[in-house]
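**Student:** The structure is given below, and queries will be raised subsequently.
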Amino acid sequence: MKKIGFYFLVILLVSCFSCKKKDQRPNTDENSNTTPAALAPFKIKIDGSEYSSTTLTIQHNSGYITIETEVGTGLKVGISIADSINVGTYSINSNSAFKVTHTDDNYATLFTSTSGSVTIVSHDKVNRKISGTYSCLLSRINPASTKVINAAEFNVSYPL
């Protein structure tokens with residue numbers, strides 16, 4: 001009888017420890033079935049020249065996530081993303097949930113996005129993390145000028 005109790009105890013302990021499983025699900029939002037690629041916190045190409053952020057400010061106000069960065073002396077880029085945006089690819093236009101601004105003269109003049117596309121790779125709304133890539137055309141009215149942004153990426157956490 002003692003042997004049966006001992007074997008029962010051994011089987012019980014083995015089954016308890018062998019059933020423990022580590023959660024290995026990727027950190028994605030509810031609309032994505034893929035693990036997001038590791039993107040830089042903020043990287044961008046403006047007219048073919050590559051920049052990384054030297055400062056990064058992230059705000060969350062009135063339903064928008066705003067990322068502002070300085071990528072060089074007097075070169076600043078800002079992106080605004082609706083906090084309700086889901087994983088997917090979107091067109092950038094005057095009515096889109098994603099906007100880009102850029103200044104190369106410390107806000108004496110301002111370029112704004114007029115066309116392009118953004119791909120939201122992941123958006124974890126619970127833990128407030130968002131990542132994606134984008135490319136767009138920026139226009140300035142006075143003096144008239146355009147710039148092309150491509151190979152741009154962001155991967156940030158944002159406040160409440």
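**Student:** Among the candidates 73, 66, single out the residue that is more than 16 Å from residue 149 (Cα to Cα) and touching a Ser or Thr at 6+ places or on another chain (Cβ under 6 Å). Give the steps one after another, and end with the answer.
**Tutor:** On the way: 73 fails: touching a Ser or Thr at 6+ places or on another chain (Cβ under 6 Å).
None of the others qualify; the one that does is 66.
**Student:** From the list 74, 88, pick out the single residue that is on the phi > 0 side of the Ramachandran plot and exposed (fewer than 13 other Cβ atoms within 10 Å of the Cβ).
**Tutor:** Sole residue among the options that is on the phi > 0 side of the Ramachandran plot and exposed (fewer than 13 other Cβ atoms within 10 Å of the Cβ): 74.
**Student:** Looking at the stretch 115-126, is at least one residue among the basic types (Lys, Arg) and under 17 Å from residue 69 (Cα atoms)?
**Tutor:** Here is the first cut: in the stretch 115-126, the residues among the basic types (Lys, Arg) are 125.
Among the residues that remain, those that are also under 17 Å from residue 69 (Cα atoms) are: none.
No - not one qualifying residue is present in the stretch 115-126.
**Student:** Select from the stretch 86-98 the residues that are at pLDDT below 95 and within 16 Å of residue 155 (Cα to Cα) and list them in ascending order.
**Tutor:** 98
**Student:** On to the next question. Does the stretch 55-78 contain at least one residue that is within 14 Å of the chain's Cα centre (by Cα), under 16 Å from residue 115 (Cβ atoms) and touching a residue at least 40 places away in the same chain (Cβ under 8 Å)?
**Tutor:** no
**Student:** So residue 122 ticks every box in (1) crowded, with 19+ Cβ neighbours inside 10 Å; (2) small (Gly, Ala, Ser); (3) out of contact with any Asp or Glu (no Cβ under 9 Å at 6 or more places or on another chain) but one. Which box is left unticked?
**Tutor:** Residue 122 satisfies all of (1) crowded, with 19+ Cβ neighbours inside 10 Å; (2) small (Gly, Ala, Ser); (3) out of contact with any Asp or Glu (no Cβ under 9 Å at 6 or more places or on another chain) except (3).
**Student:** Restricting to strands (runs of 3 or more DSSP E) lying wholly in the stretch 63-160: which have 2 or more residues that are touching a Pro at 6+ places or on another chain (Cβ under 8 Å)? If you could, list the steps in order and put the result at the bottom.
**Tutor:** Details: elements: 64-72, 75-82, 88-92, 98-103, 111-124, 129-140, 145-157.
Passing ranges, in order: 111-124, 145-157.
The values are calculated or read from the model by the stated rules, or taken from the named source; none is laboratory data. Since we're looking at a predicted model, the values are computed, not measured. Every residue, glycine among them, receives a Cβ derived from its backbone with ideal geometry; neighbour counts consider all protein chains shown.
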